[in-house]
Amino acid sequence: MSAAPPPPGAAHSHHKLYFYWGKESQFLFSGWPDNNSGMYALALILVFFLAILVEFLSNLNLVKPGSNRVATVFFQAGIHAIRAGFGYIVILAVASYNGGVFIAAVLGHAVGYVIFGSRLAKKDLDKP
């Protein structure tokens, strides 16, 4: 007695549950970047810059003193939702278990933190 056939599309699934290296990957969109070196490089750059954007939005402070409190709360909620959405996209890319994607995300968050979140970025170097 043979097992039931896999559902449509599952027979050629590229999902792995361990870290692996190489451009033979698919994440965020079906068939992308697949086995194309140029598209894989573009995908890594996209993940890197999305992680930087998440750090930028995490440290964004556009609210001026004396602003309408209700408008401020809704504005901050909107920025928070956008940041969370981009953050989840980075998480979904990392869930591909591709080592290059993981490194691109971690480096993007680190660079974003240095640029937007560190004391260096805030120019408070003389304060402890």
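The values are calculated or read from the model by the stated rules, or taken from the named source; none is laboratory data. Computed from a prediction, not measured in an experiment: that's the story for all the values here. Keep in mind that these areas ignore ligands, DNA and RNA; they rest on the heavy atoms of the full protein, side chains included. Shrake-Rupley method; radii C 1.70, N 1.55, O 1.52, S 1.80 Å.
With protein chains left intact and a 1.4 Å probe, residues in segment 33-80 average 66 Å² of accessible area per residue. Full extension of the chain between ALA71 and ASP34 yields a length gain of 8.9 nm, computed as 0.36 nm times the residue separation minus the alpha carbon distance.
Annotation: extensible slack from ASN61 through TYR18 equals 11.6 nm (criterion: 0.36 nm per residue apart, minus Cα-Cα distance).
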